[in-house]
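A short reminder: the numbers here are calculations on the coordinates, not readings from a lab. Everything numeric in this text was worked out from a predicted model, so none of it was measured. Don't worry about glycine lacking a Cβ; one is built from the backbone with ideal geometry, like all the others, and counts go over all protein chains shown.
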Amino acid sequence: MTQALDAIFFDIDDTLFSTTVFADKARRAAIDAMMRAGLQADRQDAMRELEDVIAEFSSNYGGHFDKVLDRLGPESFDGHNRAVIVAAGVVAYHATKWRELKVYDDVYEVLNWLAKTQLVRGIISAGITIKQAEKLVRLEVLEFLTPSAIFFTDQVGFSKPNPKLYRRVLQRMHLTAQRCLYVGDNPTHDIDPCNAEGWSTVRIRRSGRHAQEEGASKPKHEIRDFFELRRILQDDYGIR
C-alpha cells in the first residue's frame with residue numbers, strides 16, 4: 001500500500017551538490033591565487049591557517065583571507081599591498097563558484113522529473129539568506145521548484161535543528177507532516193527534527209562532512225543518489 005504524499009522538501013548543501021568538494025576546490029584556488037599575487041608562505045601552512053580560520057569563525061565570516069595574513073604575519077606580504085593579495089583570493093574563490101557549482105547529474109534529472117508531478121517541491125536550508133539563494137540560482141534548479149516553497153532559516157526565524165522551523169514551514173504551506181518528505185544529509189539537523197515532527201525522512205549518504213555521523217533516530221529511507229529517491233517515490237508513494 002502506497003503512502004499519500006503532497007510535498008517533498010530538500011536541503012541544499014551536500015544534498016543537491018557536494019558542498020564539501022566545492023569548498024575545498026574554491027579554497028585551494030584562492031590560496032594559489034594569493035601566492036601568485038605575492039603571498040610569501042608555504043602553501044600547506046596557508047591552507048592550514050585558512051581551514052583553522054573557517055573552523056573558528058565559521059564559513060560565513062567575511063574576512064577569511066585577511067585573517068590568514070594576520071596569522072601568517074607581516075613577513076608573508078612583505079613588499080606587497082596586502083589588499084591586492086586578499087582581492088586575488090576573493091576573485092579566485094568566486095571564479096571557482098562560477099565554474100564548479102552545479103548539481104549532481106542524477107539530481108538534475110530527478111528534479112526535472114519531479115517538476116512534472118503534482119507534488120509541492122521545496123527547499124528548507126540553513127545559512128545566510130543571500131548566499132543560499134545564490135546557490136539555487138547558480139545551480140540552475142529554480143525552474144523545478146515551487147516558488148512559494150523555498151525557505152531559508154534567516155527569514156523564517158528558526159534555524160536547524162529547531163523543530164519549530166519545520167513546523168512553521170508546514171503552517172505557511174498548509175501541509176501536514178504525515179504527507180511530507182524531507183531529504184537531507186545531516187542526521188541531527190535534517191533527519192532527527194523532522195522525525196520528531198512526524199515527517200517522512202530520506203537521508204542521502206553520498207559524501208560530505210556528515211556522511212559518517214549518526215543521529216538519535218533513523219531515517220525512513222536512506223539513499224546514495226537521487227535515482228534511488230525516484231524509485232522510492234514511485235514504489236512507496238505512487239508518484240508517477
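From zero up to wherever the largest Cα-Cα distance of segment 128-198 sits, split into 10 Å bins and tell me the percent of pairs in each.
Whole-percent P(r) values from 0 Å outward: 18, 51, 31, 1.
Quick one: compute the contact order of segment 21-100, relative version, from alpha carbon pairs under 8 angstrom and 6+ residues apart, as a percent. Show your work: numbers first, answer last.
Details: 75 pairs, mean separation 39.0, N = 80.
That works out to 49 percent.
Can you bin the chain into rounded, prolate or oblate? Criterion: square roots of the alpha carbon gyration tensor eigenvalues sorted a ≥ b ≥ c, rounded for a/c under 1.5, prolate for a/b above b/c, oblate for the rest. Walk me through the intermediate numbers first.
Values: a/c = 2.49, a/b = 2.25, b/c = 1.11.
Verdict is prolate for the chain.
Once the Cβ-Cβ distance between V21 and D78 is put in as r, and R0 is 35 Å, what FRET efficiency do you end up with, to the nearest 0.05? Write down the numbers at each step before the final one.
Values: r = 34 Å, r/R0 = 0.97.
Efficiency, from the Cβ-Cβ distance: 0.55.
What residues qualify as long-range amide H neighbours of G127, i.e. H under 5 Å apart, gap of 5 or more or another chain, H built at 1.01 Å from N?
When sequence neighbours closer than 5 places are left aside, the close amide H contacts are T153, D154.
Using only the Cα atoms of segment 161-240, build the gyration tensor, take square roots of its eigenvalues as a ≥ b ≥ c, and label the shape rounded, prolate or oblate: rounded if a/c is under 1.5, else prolate if a/b is larger than b/c, else oblate. Intermediate values should be presented prior to the final figure.
Numbers: a/c = 2.14, a/b = 1.08, b/c = 1.98.
Judged from the Cα gyration tensor, segment 161-240 comes out oblate (a/c at least 1.5, b/c at or above a/b).
Using modelled backbone amide H atoms (1.01 Å from N, in-plane), which distant-in-sequence or interchain residues come within less than 5 Å of I150's amide H?
I123
Mind listing the long-range amide H neighbours of Y182? Cut-off is under 5 Å, sequence gap 5 or more, other chains count too, H placed in the peptide plane at 1.01 Å from N.
For Y182, whose amide H was placed from the backbone, the distant partners under 5 Å are F9, S200, T201, V202.
Can you give me the C-alpha center-to-center distance between segment 6-21 and segment 128-197, rounded to a whole angstrom?
10
Starting from the Cα-Cα distance between S59 and E134, subtract it from 0.36 nm times their residue separation and give me the gain in nm to one decimal. Present the calculation step by step, with values, prior to reporting the outcome.
On the way: separation 75, 0.36 × 75 = 27.00 nm, distance 1.53 nm.
Between S59 and E134, full extension yields 25.5 nm more.
Can you tally the net charge around E213? Count Lys and Arg as +1, Asp and Glu as -1, for every other residue whose Cβ sits under 15 Å from the Cβ of E213.
Working: positive: K160, R203, R205, R206, R209, K218; negative: D11, D13, D14, D185, D190, D192, E214, E222.
Once all neighbours under 15 Å are counted, the net charge is -2.
Return the subset of K131/K164; K25/K131; K25/K164; K97/K164 for which the Cα-Cα distance in this structure is over 29 Å, preserving the input order. Spell out each step's value before the answer.
Numbers: K131/K164 22 Å; K25/K131 18 Å; K25/K164 35 Å; K97/K164 32 Å.
Flagged as over cut-off: K25/K164; K97/K164.
Rounded, prolate or oblate, given the Cα gyration tensor of segment 52-138, with a/c below 1.5 counting as rounded?
Working: a/c = 4.04, a/b = 2.63, b/c = 1.53.
Prolate.
Tell me what the chain gives for mean residue ellipticity at 222 nm when only DSSP H runs of n ≥ 4 count, each as -39,500 (n - 2.57), the sum divided by the residue total, rounded to 500 deg cm²/dmol.
Numbers: 10 runs with 115 residues, N = 240.
Result for the chain: -14500 deg cm²/dmol, rounded to the nearest 500.
Within segment 171-189, list the residues whose amide N lies under 18 Å from a label point set 7 Å along Cα→Cβ of A216.
Answer for segment 171-189: 186-189.
Given Cα positions, please report Rg to Rh for segment 87-211, the hydrodynamic radius being the Kirkwood one. Don't skip to the answer; put the middle values down first.
Numbers: Rg = 15.4 Å, Rh = 15.8 Å.
Looking at segment 87-211, the ratio lands at 0.98.
For segment 1-87, give the magnitude of the charge dipole about the Cα centre (Cβ charges: +1 Lys/Arg, -1 Asp/Glu; no others), in debye to the nearest 20. Each step should come with its number before you reach the end.
On the way: 9 positive and 16 negative charges, 67 e Å.
The calculation lands at about 320 debye.
What is the magnitude of the charge dipole of the chain about its Cα centre, with +1 placed on the Cβ of each Lys and Arg, -1 on the Cβ of each Asp and Glu, and no other charges, expressed in debye to the nearest 20? Before the final figure, lay out the partial values.
Details: 33 positive and 35 negative charges, 144 e Å.
Roughly 700 debye, rounded to the nearest 20.
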